[in-house]
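A short worksheet on the structure shown next.
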Amino acid sequence: MGWNETAVSRKLCITYPVIQAPMAGGITSPELAAAVSGFGAMGSVGAGYLTAEQLKEQIVKIKGLTRKPFSVNLFVPEKEVYASEAEIKRMTDRLKQWGLPAGDLSYSDEENCHNYEQQLEVILQQEVPVCSFTFGLPSKEAAAELKKAGRTVIGTATSVDEALMFEEIGADLIVMQGSEAGGHRGTFHHSPDAGVGTMALIPQAADALRVPVIAAGGIADGRGIAAALMLGAEGVQLGSAFIPCTESGAAEAYKDKIVSGTEDQTVLTKAFSGKYARGISNDFIRKMKPYESDVLPYPLQNNLTKRLRSEAVETGNTENMSVWAGQGLRMIYEKVPADVFLNQLISQTDIRTKEASRYGSR
């Protein structure tokens, strides 16, 4: 049996147990998701910031590009988000003081939850085979409805305790996100993020859970995949490594930062969104560092910096852009089509797993 024949590849009906991380904000374009799925891995749509109608359009487009399975990731909505007028004014004034644009802060718990419910309906109606969740637990009822309809449910956790909560509601697979991962931390269990790394997290989760584990965080080549499998994972999820791909929706300036970056350039920050996320340090993050206690809760801070981020993308200004990236940056050094990258990745993993097998037989 080859290294790629795992519980994850069987459950997801894919050739290789490799998932392209669902990066929200336009990075995971339909073209990228379709290219990854078409290769035999799992392409994903990061739907966290999409309306239900936008999500439907992307799903239809992917279906027009491939018949292979793909996944959609949803952000479980925050409840009872609050910031006082004084707190909002303080942060808004801070941006204005620096000559930076402030976005629209209108937010409604009810509207956010309604959009989430509509997104779930779209996933069911459009027969999306896999649905994953970040920033919290879907209700048991929602998970049960998806599973009854034959969908695979994937959770995202940063600790064993969070993973056990996902297992309890019926998740089929769980992504264990190590602290090396780029983008937003999936922490949700009302406790500080312990920042557990992938190497420590995966074997402990594999021991504690009945469902298969998917490793994420700092994996960018075949060595990382082979190591994750040896640690007890049944699959892997890669994000940063897909950002420079030709089909990625990331700005060219963003891609350039990824392929030239190093592991020590990334930091954890709440500056852009109000939730901790790992990205390449820049001028905005450094300016905000002394005022992190003033950062508004997610998604208010995210809404506040939306104009700033949009203008940065339009002008290619990476100093005001949320350049999310993990710690495996030195392993990501070229902009190539997704199938070229995946071919390299699979070849590397073939070699490394054979080497590991020979080592284990000594």
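Looking for something closer than 15 Å to ASN73 by Cβ, among the acidic types (Asp, Glu), surrounded by fewer than 24 Cβ atoms within 10 Å (Cβ to Cβ) and at pLDDT 95 or above - is there at least one such residue anywhere in the stretch 171-190? Yes, that holds for at least one residue.
Screening ILE202 against (1) in a loop (DSSP other than H, G, I, E, B); (2) crowded, with 19+ Cβ neighbours inside 10 Å leaves a single unmet condition, (1). Just to verify a result, which residue in the stretch 159-179, among those that are of a type in the set (D, E, K, R) and touching a Lys or Arg at 6+ places or on another chain (Cβ under 7 Å), is farthest from ILE214 (Cα to Cα)? Among those residues, the one meeting the criterion is GLU167.
Would you call ILE19 in contact with a strand residue (DSSP E or B) (Cβ under 7 Å, 6 or more places away or on another chain) and over 30 Å from GLN301 (Cβ atoms)? Break it down into steps so the answer makes sense when it comes.
On the way: in contact with a strand residue (DSSP E or B) (Cβ under 7 Å, 6 or more places away or on another chain): yes; over 30 Å from GLN301 (Cβ atoms): no.
Judged against the criteria, ILE19 is not a match.
The residue that is nearest to ASP193 (Cα to Cα), among those in the stretch 116-148 that are without any contact (Cβ under 8 Å) to a residue 60 or more places away in the chain and part of a loop (DSSP other than H, G, I, E, B), is SER139. Figure legend. Inter-residue proximity from the stretch 298-325: first residues over 22 Å from TYR107 (Cβ atoms), second residues of a type in the set (S, T, N, Q) and assigned to a helix (DSSP H, G or I), beta-carbon distance below 7 Å, spacing 6+ or different chains. Indicated pairs: ALA325/SER240.
Can VAL60 be described as in a strand (DSSP E or B) and modelled with pLDDT of 95 or more?
Working: in a strand (DSSP E or B): no; modelled with pLDDT of 95 or more: yes.
Here the answer is no, as VAL60 does not meet what is asked.
In summary, SER347 fulfils each of the numbered conditions (1) surrounded by 13 or more Cβ atoms within 10 Å (Cβ to Cβ); (2) in contact (Cβ under 8 Å) with a residue 24 or more places away in the chain; (3) part of a helix (DSSP H, G or I) with the single exception of condition (1). For the stretch 64-114, a residue qualifies if it is in a helix (DSSP H, G or I), without any contact (Cβ under 8 Å) to a residue 24 or more places away in the chain and within 30 Å of ALA157 (Cα to Cα), and the qualifying residues are GLU110, GLU111, HIS114. Within the stretch 326-341, the presence of a residue that is over 22 Å from the mean Cα position of the chain (by Cα) and not in a loop (DSSP other than H, G, I, E, B) is excluded.
Filter the stretch 1-26 for residues that are surrounded by 23 or more Cβ atoms within 10 Å (Cβ to Cβ) and either closer than 20 Å to PRO244 by Cβ or not aliphatic (A, V, I, L, M) (or both) and give the result. Let's see the steps before the verdict.
The first filter runs over the stretch 1-26 and keeps only residues surrounded by 23 or more Cβ atoms within 10 Å (Cβ to Cβ), leaving 8, 12, 14, 16-23.
Passing the criteria: TYR16, PRO17, VAL18, ILE19, GLN20, ALA21, PRO22, MET23.
Determine which member of the set ARG358, ARG330, ARG352 is of a type outside the set (A, V, I, L, M), farther than 27 Å from GLU78 by Cα and at pLDDT below 95. Full working, then the answer.
Details: ARG330 fails: at pLDDT below 95; ARG352 fails: at pLDDT below 95.
Just one listed residue meets the conditions, ARG358.
Just one of (1) farther than 20 Å from PRO212 by Cα; (2) touching a Leu at 6+ places or on another chain (Cβ under 7 Å) fails for ALA33. It is (2). Residues of the stretch 23-49 that are within 19 Å of THR156 (Cβ to Cβ), outside any helix (DSSP H, G or I) and in contact (Cβ under 8 Å) with a residue 40 or more places away in the chain: MET23, ALA24, GLY25, ILE27, THR28, ALA41, MET42, SER44, ALA47, GLY48.
So is LEU137 of a type in the set (A, V, I, L, M, F, W, C) and either under 20 Å from the mean Cα position of the chain (by Cα) or buried (at least 21 other Cβ atoms within 10 Å of the Cβ) (or both) or not? Yes; evaluated as a whole, the condition is true for this residue. Residues in the stretch 149-177 that are part of a loop (DSSP other than H, G, I, E, B) and over 13 Å from the mean Cα position of the chain (by Cα) were compared, and the one that is nearest to GLY195 (Cα to Cα) is SER159. Among the residues of the stretch 248-271, is there at least one that is out of contact with any Lys or Arg (no Cβ under 9 Å at 6 or more places or on another chain) and at pLDDT below 95? For the stretch 248-271, residues out of contact with any Lys or Arg (no Cβ under 9 Å at 6 or more places or on another chain) and at pLDDT below 95: absent.
Only one residue in GLY150, GLY155 is within 25 Å of GLU234 (Cα to Cα) and surrounded by fewer than 16 Cβ atoms within 10 Å (Cβ to Cβ), so which one is that?
Numbers: GLY155 fails: surrounded by fewer than 16 Cβ atoms within 10 Å (Cβ to Cβ).
Only one candidate passes the filter, namely GLY150.
The values are calculated or read from the model by the stated rules, or taken from the named source; none is laboratory data. Note that the structure is a prediction, hence the values are computed from the model and not measured. Here Cβ is always computed from backbone atoms with ideal geometry, including for glycine, and neighbour counts include all displayed protein chains.
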